[in-house]
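Student: My questions all concern the structure below.
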Amino acid sequence: MESRCLHLCLKQVKILAQVITLETLFLATTHDTLYYKEACQLRDVILRKPLGMSLYDQNLEEEKNFIHIVGKSKEGHIIAYLQFKAIDESTTKMQQVAVHSEYQNQGIGRNLVIFSETFAKKEDFSQIILHAREPVIGFYERLGYTKVGDRFHEVGIPHYKMGKHIEPNNIN
């Protein structure tokens, strides 16, 4: 009986620890903040260094006009990021989606995308497009994105263009 209680208690602690580690605050920020600077470091480590590249080799000035969404851990660190680039008044491009390696496979990326879709709706966008790296196609498909066109190479690796229609919030 004591062994069974210990096993159940350990399971409860494990579940509680998972819930605690998933506490993430998502928010929109701007190009001139510390959040953005920390997010650039995350993007460099997760998206560029594995390809032998550096984020800082490109001109980041064009990102001044982008929408930046960050995920903050309960400790206040940036652990997730994505940006939107307006294509026209109804379409935005989601790009640079990154989750810190210690926080991957915990639902944070999914929650980041869902939060960002809600934000895009409030900004009156009705279409989100993106260029997905081949290994994460399933992730986006589970979130309702569909492939558009053939495979292509970007930053030296295979990608697919994907898209999703969203209903904008017409409430002011």
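The values are calculated or read from the model by the stated rules, or taken from the named source; none is laboratory data. Nothing here was measured: the structure is a model prediction, and the numbers come from that model. Note: ideal-geometry Cβ built from the backbone for every residue, glycine included; neighbour counts use all protein chains shown.
Student: State which residue pairs qualify: first residue over 18 Å from Leu47 (Cα atoms) and inside the stretch 73-100, second residue part of a strand (DSSP E or B) and among the charged types (D, E, K, R) in any location, beta carbons under 6 Å apart, and separation of 6 or more residues or different chains.
Tutor: Ile87/Lys93
Student: Take the residues in the stretch 126-159 that are of a type in the set (Phe, Trp, Tyr) and under 17 Å from the mean Cα position of the chain (by Cα); name whichever of them is farthest from Arg110 (Cα to Cα).
Tutor: Selected residue: Tyr145.
Student: For the subset of the stretch 136-158 comprising residues that are among the small types (Gly, Ala, Ser) and touching a strand residue (DSSP E or B) at 6+ places or on another chain (Cβ under 7 Å), which member is modelled with the highest pLDDT?
Tutor: So the residue we want is Gly144.
Student: So which residues in the stretch 136-162 are basic (Lys, Arg) and surrounded by 12 or more Cβ atoms within 10 Å (Cβ to Cβ), if there are any at all?
Tutor: Hits for the stretch 136-162 are Lys147, Lys161.
Student: Considering only the stretch 21-40, how many residues are exposed (fewer than 14 other Cβ atoms within 10 Å of the Cβ) and either aromatic (Phe, Trp, Tyr) or over 14 Å from Tyr103 (Cβ atoms) (or both)?
Tutor: Residues meeting the conditions: 6.
Student: In addition: Restricting attention to the stretch 71-99, report how many residues are surrounded by fewer than 23 Cβ atoms within 10 Å (Cβ to Cβ), under 12 Å from Glu38 (Cβ atoms) and of a type in the set (Ser, Thr, Tyr).
Tutor: 1
Student: Could you count how many residues in the stretch 141-172 are out of contact with any helix residue (DSSP H, G or I) (no Cβ under 8 Å at 6 or more places or on another chain) and closer than 27 Å to Asp57 by Cβ?
Tutor: 4
For every residue, the table says whether it meets (1) surrounded by 15 or more Cβ atoms within 10 Å (Cβ to Cβ); (2) within 26 Å of Pro50 (Cα to Cα); (3) among the hydroxyl-bearing types (Ser, Thr, Tyr); (4) modelled with pLDDT of 95 or more.
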position: Gln106; (1), (2), (3), (4): yes, yes, no, no
position: Ile129; (1), (2), (3), (4): yes, yes, no, yes
position: Glu134; (1), (2), (3), (4): no, yes, no, yes
position: Lys164; (1), (2), (3), (4): yes, no, no, yes
